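One structure below.
The values are calculated or read from the model by the stated rules, or taken from the named source; none is laboratory data. Here the structure is a predicted model, which is why all the values come from computation and not from measurement. Reconstructed Cβ throughout: ideal geometry from the backbone, glycine too, with neighbour counts over all protein chains shown. Remember, those area values only see protein heavy atoms, side chains included, never the ligands or the DNA or RNA. Shrake-Rupley method; radii C 1.70, N 1.55, O 1.52, S 1.80 Å.
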Amino acid sequence: MTSRVEPFVVFVDEAFLAASGGSDLPSRGRIHVVGAPDEILPWMSESHDGSRTAILLSARFEDALSAIAARDVWRWRVLATGAPSRRAFLRVAPWLKGPQPSLEMELVRTYADKSAALSRLEVALVEANVPRPFVNGIVTATDECLQNAIFDAHPVLSMGARRSDFDLDPPVELGFELDDGLVTVAVRDPYGTFDRASFNAALLRHDGRRGDASPRGCEESGGLRIGFAFMLRNSSALSVEVQDGRSTTVRLVTDTRQPFRRFLGSGKILDFVSWGE
Amino acid sequence: MLSFEATQTGYRLLGEVDEEADFSQLPEGALELDLSGIRRVNSTGIRNWIRWKERLAQPPVLRDVPSILVLELSMLPDLSRGTKIRSIRAPYAHPVTGERIEVLFEGETLAWIRDHRRVPPQLAPDGATQLEFDEDENNYFEFLHNGAEVAGR
């Protein structure tokens, strides 16, 4: 597996800037993609792996994603808010350093495996004194991640109705970690749950509140788009990492060290990284 | 797994509304469903629910709807439209201790919230401390404006 030093984009959603009362980040109003690592930019922050992470611009989320798709950029990060009317804060977090150190992953082959894994996650969170609304949200978001991997990406299951009698080979993997109030959940699948286009499309469809529950929507999508909305709603950071065009790891990080209602209005970090293509 | 326990007025749902939830086990006809026993919900379970609801001549009346399901009702107009709601749980938190308290809101209170578009103040058990609403106030009660009806007592 190789990692390329290729164009990447970091941008701040305009709504996020407005919600946070502006910031010390200058706004450019147009898309700019860094083409070479040694381009000098007036505002830069170092990521922990030494690559440059530059806050380049603010833009409408939709415009930025369209521009990124047009330029075939394979790595981007957006700092965004899910609710423009909310006060939000800006966090510049280190860029993902390629494949993350492995969490201890358990295999999910069947509905029983999934149920047991979700129950273990719930127990672990409760025993760690994570507040109940966070527990509910994280378990829900994890369930939706698993469903994405099992039903939307599996070559056979994606063609039919969602049911509970699946037996996956190869399995989907689930891991989680608690670290001083930060809860990380990772779901890995070999079925290509997300690629750049589908992840961007999911983000663009999401308006923070609505899913598509019409019967036609249910049939076409195999489920409800509300699943992705719950993943976003119940996390502080959501990252998608695709390796060799197939293996997908979705990672949700939730900061539970705050009142739940404040968490709901806080900003999000969204990452997409594709390796080895 | 989702199971159904007969009550005096209908059925109480217990467990998870997920891909294994089979609502066809419920009889047809007017039903009151107590949802207080629902522990977890996912989008596939909600899809199963919607498909079942679409086939009913009369939608059920829902009581003691937990917050995890209130969110779904508010996010999905097709789920809330035509649904009759007798009571829901609304989360408040103590501003100092952070303790979460789920308050039961019934017919008149739900109608008030619908008409005033804000949550009613709630006091802690000490009778003096104002609790804080512990959800997104703008979205939590959206089901009241998405076509759900408030059912009387």
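Below is a table of values for the structure above.
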{"item": "22 Å tail of the calculated P(r), the stretch B:29-153, as % of Cα pairs", "result": "34 percent"}
{"item": "Estimated buried accessible area (total), pair B and A, 1.4 Å, Å² to nearest 100", "result": "3100 Å²"}
{"item": "Charge sum, other residues only, whose C-beta stays under 15 Å from B:S24's C-beta, Lys/Arg counted +1 and Asp/Glu -1", "result": "0"}
{"item": "Carbon/sulfur fraction of accessible area - the stretch B:1-150, other protein chains in place, 1.4 Å, %", "result": "45 percent"}
{"item": "The stretch B:1-82, accessible area per residue, ligands and nucleic acids excluded (1.4 Å, Å²)", "result": "38 Å²"}
{"item": "Neighbour cut-off at most 16 other Cβ (10 Å), DSSP loop, GluC sites (Glu not before Pro), the stretch B:1-102", "result": "B:E28, B:E99"}
{"item": "Kirkwood estimate for the stretch B:103-153, i.e. one over the average of 1/r between Cα atoms, Å", "result": "12.1 Å"}
{"item": "Helix-only [θ]222 nm of chain B, DSSP H runs n ≥ 4, -39500 (n - 2.57) each, per residue, nearest 500", "result": "-7000 deg cm²/dmol"}
{"item": "Rounded to 10°, Cα long-axis angle of helix B:107-116 versus longest principal axis of chain B", "result": "70 degrees"}
{"item": "Drop in accessible area of at least 30 Å² in the complex versus isolated chain, residues of the stretch B:95-117, 1.4 Å probe", "result": "B:R100"}
{"item": "The stretch A:142-197: GluC sites (Glu not before Pro) in DSSP loop, at most 13 other beta carbons within 10 Å", "result": "none"}
{"item": "Complex-versus-alone comparison for the stretch A:126-156, residues with a loss of 30 Å² or more in accessible area, probe 1.4 Å", "result": "A:P133, A:N136, A:T140, A:D143, A:E144, A:Q147"}
{"item": "Whole-number accessible area per residue in Å² for the stretch B:98-153, which is evaluated in the context of all protein chains at 1.4 Å", "result": "56 Å²"}
